[in-house]
Every structure is written in structure tokens, then in C-alpha cells.
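Peer 1: Right, I'll just put the structure down here and ask away after.
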Amino acid sequence: MVKQYLENTRFPFNLTDRVSFKNEIEKSTIASTEFVEQFENILRLRSTLKLDFDVDFIPTDVLEYAGFLFSNLTETMPSYNDIEEIKIKEVLVMNHVPNPSPKHVNWALENWLLVIASSQQIVILDYLRGYFKSNQNDFFINELLEVIEKYLFREVVSEDLDILYFIKNIAPIQAKILLSRLKGKSKSLNEEIEEVLEELYNAEY
Amino acid sequence: MIVVVELIFILLFDLNTVLKAAKAGLKGSLKMAAQGAKNTTKALLGAGRKTLVNTGRNTLKVGRGLVNVGAGGTKLTVSGLKNGFSRGVKTVQDLIGRIKSNLSFKKFRIRRQGRWFKLEGKLNPWVWLASGEIREVDSVKGTDDVVRNVGETGSFAAKGGDEVIEGVLIGGTDEASNLVRSLQTDQVLKNNFDDLIEEIGSSNAGDLIRNLDSIANRSQTLNNQITNLIKSTNPKKVDVLESISNSLAKGNIPEEDIIGSLSDIIKAGGEPDLIAKRTQEVLSELSNASRVADDITGVVRVNAVKNTPYDLGDGIIVKINPMDEIDALFKQGDDIVAHEVKDTMNALMDKIRDGKQIKKMVDWRTAGPNRIVEFVVESEDSWTKLFSLAKGKTIATIIGERKIPLNIGGRHFSPDDLLVLNKKMNDYFNLKGLHPKDFFALPELENLETALTAIGFK
């Protein structure tokens with residue numbers, strides 16, 4: 001399972017905690033193409049994972065505070081190359097999931113990767129929002145939009161308000177086109193998509 | 001106009017004997033108390049033998065709020081049994097306290113009938129404990145030309161004659177209070193108000209009346225909403241009235257916003273759980289707004305909704321889109337601040353797990369300069385839910401990653417604080433090695449401050 005994820009995704013940065021990751025991406029030497037690559041990796045990884053934190057084979061009391069479990073996984077395996085099934089099992093036992101089965105291990109791995117991808121996406125989008133406020137780099141924007149368009153009808157985009165608002169803020173004209181295509185096709189955000197479109201049309205972009 | 005109450009009789013002597021007499025089947029005698037002071041005296045003296053030994057005069061202070069209602073807003077004084085209460089009774093509350101500690105009266109009330117008032121205790125039926133005459137005097141100044149405050153004793157010149165009256169000043173205005181005028185003109189409000197007083201007991205009514213007095217006779221819409229609230233089965237309506245009174249007193253929380261909050265409670269009508277939940281939320285929202293109102297000079301909008309432009313002063317007009325609503329919106333210095341308020345961390349946890357509001361808050365913050373968003377949790381109750389799971393992360397991590405500050409029970413945490421706090425708690429969790437349910441039941445984690453010390457958070 002671990003090997004499969006390693007093959008499906010490629011992280012240019014280590015699976016470090018968010019502070020280290022933030023430091024990495026804020027290095028001025030990193031080219032825009034690397035951001036785009038990282039962003040696409042995140043979307044690709046997220047699209048391969050199940051959004052399944054609620055399961056019946058993890059005790060409810062343990063599940064309620066599994067945020068610590070995932071943090072402990074990150075501490076135990078700070079680098080992408082550190083990921084090992086035995087270490088995942090050790091962390092599960094330490095967090096009161098005795099005798100972890102392959103099902104437990106897969107659950108922990110998938111959801112942990114999802115947590116990391118989600119945190120890294122927040123850092124990237126936050127950084128880029130700030131960057132585009134003072135830099136109008138159309139080439140960079142277009143590359144990001146191409147990645148988003150590729151995943152437009154996958155849940156990682158169609159059900160993610162962060163990305164929809166991100167498009168609206170960095171590229172309002174292109175956002176009208178992308179969101180119009182998405183209109184009525186989201187499971188949970190159609191109302192928000194309509195509102196963003198209305199806002200964009202009212203602003204006459 | 002000033003009114004004097006002359007207390008002419010009270011049953012407060014050897015109360016244990018009175019109780020014994022009552023228990024021994026002397027209900028008939030007690031019932032007679034309602035027929036008149038003299039009859040009661042005879043009845044109880046006869047039946048209880050040593051029950052009543054003193055019918056002399058004494059002086060009582062009567063709480064202003066208690067009497068204002070019945071007295072039509074006039075100035076009131078009390079003069080009473082001078083000798084009977086030498087045992088130290090100084091106020092009506094004190095008197096009631098003594099009676100309560102000795103007898104089985106569950107409730108007390110003061111009723112006014114024309115120029116007379118009656119103090120009654122509820123022993124099924126209501127038992128007349130005291131009565132007195134209400135008199136008007138010319139001035140709040142005593143015959144010694146010294147101005148008396150409400151509650152102070154003195155000799156006063158009776159109105160329209162040369163008579164001098166000993167008593168306690170219990171009202172200092174000629175004008176009817178706002179509440180009294182509302183009650184005089186609104187029969188529905190009066191009926192609901194009477195029910196409410198009956199419900200909470202007249203001995204607990206002082207604060208309620210003061211709060212209602214500060215609310216009454218505002219806009220018709222607010223009056224209507226207050227009437228609806230009083231009429232409702234909401235168990236916390238007294239708290240809500242106090243909160244509304246406090247908010248209106250600030251002056252910079254618009255009445256229309258308070259009406260909006262009240263509407264939210266009233267709209268929740270029918271479902272007790274929903275009413276209780278919404279009531280608690282509104283109390284937290286108003287409490288937060290009142291606190292904010294103390295710190296700023298401009299306006300605090302409560303329960304702002306989307307698509308509405310809000311004028312926050314200094315030419316700042318702002319909408320809250322894409323947020324659907326936000327609990328407090330105000331300008332503080334150069335910043336425009338939006339507060340999402342919850343009564344407990346449990347309630348915030350539900351909001352974070354839903355996920356939409358926090359993303360909308362971040363987008364609103366991004367959409368304009370100098371915008372700040374903050375979560376406010378009024379109570380420390382269930383504060384350790386800060387470490388419960390939402391989409392794979394703890395609530396603390398989610399809020400910290402979004403760079404949103406959090407205020408719990410008056411303690412401020414910056415976004416970085418939240419991430420450090422989360423790490424410290426995680427380390428403590430690992431150190432203890434306990435099952436989560438045992439870990440979060442540790443006594444040192446029950447209280448926020450002791451927990452912060454225990455986990456080494458500075």
C-alpha cells in the first residue's frame with residue numbers, strides 16, 4: 001500500500017510538519033514551476049485518498065482524539081522516505097489501537113497523508129494569495145489554473161471552498177469560466193458557486 | 001408625588017410556633033390572616049397561644065423595584081412596626097430571608113390594593129404576613145430638610161396636610177417608570193409579566209424589574225418581542241432580559257440587532273431543546289457584544305447577515321459576504337473585526353467540523369484590507385474539545401493553521417499559541433500514556449488555567 005502511494009505521488013519536499021514545510025516554500029529560490037508541481041502533487045494525492053475519518057473499526061474514544069495520532073505519525077516519520085508499515089503500527093499501538101490490522105494501518109496511512117496534503121495546501125494557497133496581491137504573474141496563474149482545471153470535476157476541487165475562493169481571488173475572469181462549468185455539478189457547494197459567480201458578474205470582470 | 005407605606009402588622013414572632021401551629025391543622029387560622037390584620041392577630045393569638053406576642057411598630061426598607069410596579073411609579077416610603085422588629089430585621093429581603101429560614105413559605109409577594117400593600121407568603125394558599133398603608137409625601141427631604149435616598153428612614157411631611165409621617169422612602173420619582181407605563185398601556189404585557197413574577201417569585205423580582213424598566217417603552221417592535229419572550233416557555237428568559245438590558249445600556253449596540261437576536265429565540269419556539277440552544281447562543285452573542293462595546297467608540301453590529309451593507313463609522317461600510325452571518329462586526333482602530341461566537345467549545349467543534357464557515361471567514365478576511373476574524377467561546381466548559389478531531393486534525397490545529405485567533409472564557413490565544421498549545425497537549429498526552437477518555441478526565445485538565453500550567457504552556 002505504501003509503495004503504491006509512493007508510485008502515485010511524488011513529493012518535492014519532505015513530509016515534514018507544517019512549519020518546516022512553510023519555511024521550505026517561502027524560500028525565494030523556489031521557482032513558480034515548483035509550486036505548480038507541488039500543488040498538483042497535493043491534488044493528485046488527495047484525489048487518490050478516501051475522505052474517511054469516520055470508521056467503525058477504530059474505537060470512538062480513540063477516533064475522537066485521533067488528531068494526536070496523526071501528529072504522532074508525522075513526528076515518527078518526518079520524511080517521506082521514513083514511511084514504514086511497522087512504524088505506523090507502533091504509533092497506532094501507542095495511541096490505544098491494540099493489535100492493528102492491515103485495515104487499521106491503511107486507515108491511518110490514508111487519512112494521515114490526507115491531513116498532511118490538506119495542511120500543505122493551506123500553506124501554499126495562503127502564500128500564493130499573498131504573492132499575487134503584489135505580483136501579477138499571468139504565466140504562473142495560468143499554470144495553476146491548468147492544474148485546477150485538470151481536477152475541476154474531482155472532489156478535491158468541486159467540493160473544496162478554499163480552491164473555489166482561490167480561483168475567484170487570483171483570476172476573476174478565468175474563474176467565471178471555470179465556475180460556470182462547475183455550476184450545478186458540486187455535491188455540497190452549488191449555492192456558494194452561484195454566489196461567487198453572481199459576485200463576479202456584478203463586479204463586471 | 002411621594003407615598004408612605006405604614007406597616008401596621010406582621011407575623012414574625014416565634015416563627016417556629018407559627019409553623020407548628022400551621023402544621024397542627026390551624027390552616028383555618030392562617031386563612032383568616034387574609035381577612036384582616038386584626039382578625040389574624042386574634043386568630044393566631046388564640047390558636048397558637050404564645051405564637052404572636054408583638055404587634056408593635058417597626059421600620060422596614062422596601063426595595064425600590066418591588067414596589068414601583070404596584071405604586072404607579074410614585075415615590076414610596078414605609079413606616080411600620082417600631083417595636084416588633086428590634087431583633088435586627090432591616091430590609092424586606094432580610095425579613096423574607098428570616099421567614100423563609102423558619103417557615104415553609106416558598107414564595108413571597110407584595111400586592112398593592114389602593115392605598116394599602118400586603119406582604120404575603122405562599123403556604124398554599126397565600127398567607128398575609130404584613131400590610132401597610134402607602135402614603136404620599138411632599139418631598140424626598142425629611143422634616144429635618146435632609147434629602148433621603150430610597151431605602152432611608154426619616155420623618156416626612158404628608159401631602160396635603162400638616163401630618164408628619166415616620167417611614168422609609170421607597171420611591172423617589174413623581175413619574176411612572178418606563179416599565180409601569182408599559183404595563184399600564186399593554187394588558188398582554190401585564191398579564192405575561194404577572195405570570196413571570198409568579199414563576200420566579202416576587203422575592204427574586206428586583207433585578208428583573210430593574211432590567212425590564214431599562215428596556216421598556218423603546219420601539220414597539222422591541223416591546224412586542226419582549227412581550228413574546230416573557231410569554232414564552234423559555235427557562236432563561238430572565239437572563240435574556242438582563243442581557244438585553246445590558247446591551248441596550250451600552251448605547252452602541254443597535255436596538256434593531258437586539259430585536260434580531262430576540263427574533264431568533266422566538267422563531268425557535270416550539271422545540272424546547274432548540275429554544276434552549278438558541279437562547280444560550282444569543283446570551284453568549286450579547287455578552288460578547290457588550291464586552292466589545294466597552295472597548296470601542298463605534299457601533300457593534302450583532303448577528304450581521306450577508307448582502308447587507310453595515311456602516312461601522314468613519315466612512316467604513318462593509319458587507320460580510322461570503323459569510324452568511326457573523327455574530328459581531330465592528331471597527332477597532334483601523335481594523336474591521338468579525339467575531340464568530342459560541343457558548344461552548346462543543347458548539348465551536350460542530351461549526352469547525354461543518355467546515356464552511358471557517359473557510360468563508362478566511363475569504364472575507366482576504367477580500368479587504370485590515371480585516372480580522374476571531375473565534376470567541378464564552379465558557380470554558382468542554383474546552384478540551386479543542387483537541388478533538390475535525391477532518392483529521394485537532395480543532396486547535398485547524399484554527400491555528402487558518403491564522404485565526406481564539407478567545408476562550410476571556411483568555412486570548414493567537415494562532416501560533418494554538419499550535420503551540422496543541423503540541424504541548426499532544427506531548428502531555430504521550431507522556432501520560434493514558435487512554436484518551438482517561439487522559440481528558442485528568443483533574444488538572446478540567447480547568448483551563450490549571451491545564452495550561454500542567455502542560456507547560458506559557
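Peer 1: Quick one: net charge of A:Thr60's neighbours, Cβ under 11 Å, K/R +1, D/E -1?
Peer 2: Numbers: positive: B:Lys437; negative: A:Asp54, A:Asp56, A:Asp61, A:Glu64.
So the environment of A:Thr60 carries a net charge of -3.
Peer 1: Which of the aspartates and glutamates could a cross-linker bridge to A:Lys103, judged by Cα under 17 Å and excluding same-chain residues fewer than eight apart?
Peer 2: A:Asp52, A:Asp54, A:Asp56, A:Glu84, A:Glu85, A:Glu90
Peer 1: Let me ask you something else. Output needed for region B:178-288: three equivalent-ellipsoid semi-axes, defined as square roots of 5 times the C-alpha gyration tensor eigenvalues, in descending order, whole Å.
Peer 2: On the way: eigenvalues 74, 57, 35 Å².
Result for region B:178-288: semi-axes of 19, 17, 13 Å.
Peer 1: Moving to a separate point now. Going down the list A:Lys89/B:Lys359; B:Lys306/B:Lys331; B:Lys122/B:Lys250; B:Lys360/B:Lys437; B:Lys141/B:Lys250; A:Lys183/B:Lys359, which pairs span over 29 Å between their C-alpha atoms? Numbers along the way, then the final one.
Peer 2: On the way: A:Lys89/B:Lys359 34 Å; B:Lys306/B:Lys331 17 Å; B:Lys122/B:Lys250 38 Å; B:Lys360/B:Lys437 33 Å; B:Lys141/B:Lys250 33 Å; A:Lys183/B:Lys359 19 Å.
Result: A:Lys89/B:Lys359; B:Lys122/B:Lys250; B:Lys360/B:Lys437; B:Lys141/B:Lys250 exceed 29 Å.
Peer 1: Sticking with this structure for a sec: Could you compute the FRET efficiency for B:Asn346 and A:Glu191, with r as their C-beta to C-beta distance and R0 at 35 Å, rounded to 0.05?
Peer 2: Details: r = 26 Å, r/R0 = 0.76.
Efficiency at R0 = 35 Å is approximately 0.85.
Peer 1: When the chain is fully extended, how far beyond the present Cα-Cα distance does B:Lys403 get from B:Arg181, taking 0.36 nm per residue of separation? Spell out each step's value before the answer.
Peer 2: Details: separation 222, 0.36 × 222 = 79.92 nm, distance 5.10 nm.
Contour length minus Cα-Cα distance gives 74.8 nm.
Peer 1: Here's a follow-up. Can you compute the radius of gyration and Dmax for region A:69-145, using only the Cα atoms, both in Å?
Peer 2: So, for region A:69-145, Rg and Dmax equal 17.5, 54 Å respectively.
Peer 1: Putting +1 on Lys and Arg Cβ atoms and -1 on Asp and Glu Cβ atoms, find which of A:Tyr151, A:Pro172, A:Leu189 reaches farthest to the positive end of the dipole of region A:149-205.
Peer 2: Sorting the options by dipole projection puts first A:Tyr151.
Peer 1: Going by C-beta contacts inside 10 Å, put A:Ser186, A:Ser134, B:Ser263, B:Ser247 in order with the fewest on the left. Write out the running numbers ahead of the final one.
Peer 2: Values: A:Ser186 20, A:Ser134 6, B:Ser263 15, B:Ser247 25.
If I rank by nearby Cβ atoms, fewest first, I get A:Ser134, B:Ser263, A:Ser186, B:Ser247.
Peer 1: Hey, another quick one. Under 13 Å from the Cβ of A:Glu90, count the other residues' Cβ atoms, weight Lys and Arg +1, Asp and Glu -1, and hand me the total. Before the final figure, lay out the partial values.
Peer 2: Numbers: positive: A:Lys87, A:Lys89; negative: A:Glu75, A:Asp82, A:Glu84, A:Glu85.
Local charge sum for A:Glu90: -2.
Peer 1: Could you please rank B:Lys122, A:Lys133, placing first whichever residue has the fewest other Cβ atoms within 10 Å of its Cβ?
Peer 2: If I rank by nearby Cβ atoms, fewest first, I get A:Lys133, B:Lys122.
Peer 1: What is the ratio of the Cα radius of gyration of region B:296-458 to 2.2 N^0.38 Å, with N the residue count, to two decimals?
Peer 2: Details: Rg = 16.9 Å, N = 163, 2.2 N^0.38 = 15.2 Å.
Computed over Cα atoms of region B:296-458, the ratio equals 1.11.
Peer 1: With viscosity set to 1.306 mPa s at 10 °C, what whole-number translational diffusion coefficient in µm²/s follows for region B:225-357 from Stokes-Einstein and a Kirkwood radius over Cα pairs? Show your work: numbers first, answer last.
Peer 2: Numbers: Rh = 15.3 Å.
Answer from the Stokes-Einstein relation: 104 µm²/s.
Peer 1: Pairs to check: B:Lys342/B:Lys393; B:Lys319/B:Lys403; B:Lys319/B:Lys385. Give those whose C-alpha atoms are more than 25 Å from each other in this structure. Show your work: numbers first, answer last.
Peer 2: Values: B:Lys342/B:Lys393 20 Å; B:Lys319/B:Lys403 21 Å; B:Lys319/B:Lys385 32 Å.
In this structure, B:Lys319/B:Lys385 exceed 25 Å between Cα atoms.
Peer 1: A further question on this structure: Across chain A, how large is the tail of the calculated P(r) beyond 21 Å, expressed as a percent of all Cα pairs?
Peer 2: Details: 11956 of 20910 pairs.
Looking at chain A, the distances longer than 21 Å represent 57 percent of pairs.
Peer 1: So what are the ³J(HN,Hα) numbers for region A:82-90, from phi and the Karplus equation (6.51, -1.76, 1.60; θ = phi - 60°), rounded to whole Hz, Gly and Pro as x?
Peer 2: For region A:82-90, the Karplus-derived couplings read 7, 5, 9, 4, 5, 5, 4, 4, 4 Hz, x marking Gly and Pro.
Peer 1: Moving to a separate point now. Quick one: what are the phi-derived ³J(HN,Hα) couplings along region B:180-196, Karplus 6.51/-1.76/1.60 with θ = phi - 60°, whole Hz, x for glycine and proline?
Peer 2: For region B:180-196, the Karplus-derived couplings read 4, 5, 5, 5, 5, 9, 10, 5, 5, 4, 4, 4, 5, 5, 4, 4, 5 Hz, x marking Gly and Pro.
Peer 1: Given R₀ = 22 Å, what would the calculated FRET efficiency be for B:Ile372 paired with A:Glu199, taking r from the Cβ atoms and rounding to 0.05?
Peer 2: Values: r = 22 Å, r/R0 = 0.98.
My answer for the efficiency is 0.50.
Peer 1: Could I ask something else about it? Could you tally the net charge around B:Thr143, taking each other residue with its Cβ under 12 Å from the Cβ of B:Thr143, Lys/Arg +1 and Asp/Glu -1? Let's see the in-between values first.
Peer 2: Values: positive: B:Lys141, B:Arg148; negative: B:Asp138, B:Asp144, B:Asp145, B:Asp162, B:Glu163, B:Glu166.
Summing Lys/Arg as +1 and Asp/Glu as -1 gives -4.
Peer 1: List the residues whose amide H sits under 5 Å from the amide H of B:Arg135, counting only those 5 or more places along or on another chain, with H placed 1.01 Å from N in the peptide plane.
Peer 2: Under 5 Å from the amide H of B:Arg135: B:Val4, B:Val5, B:Glu6, B:Thr77.
Peer 1: Then there is this: Along Cα→Cβ, 7 Å out, is where each label goes; now give me the distance between the ones at B:Glu446 and A:Ile173 in nm to one decimal.
Peer 2: 6.4
Peer 1: Between B:Asp174 and B:His412, what FRET efficiency comes out of the Förster formula 1/(1 + (r/R0)^6) with R0 = 51 Å and r the beta carbon distance, rounded to 0.05? If you can, show how the numbers build up before the last one.
Peer 2: Numbers: r = 48 Å, r/R0 = 0.95.
Rounded to the nearest 0.05, the efficiency is 0.60.
Read-outs: derived from the displayed coordinates by stated rules, not from any lab. Being a predicted model, the structure only gives us computed values, none of them experimental. In this analysis, Cβ positions are derived from the backbone assuming ideal geometry, glycine residues included, and neighbour counts consider all displayed protein chains.
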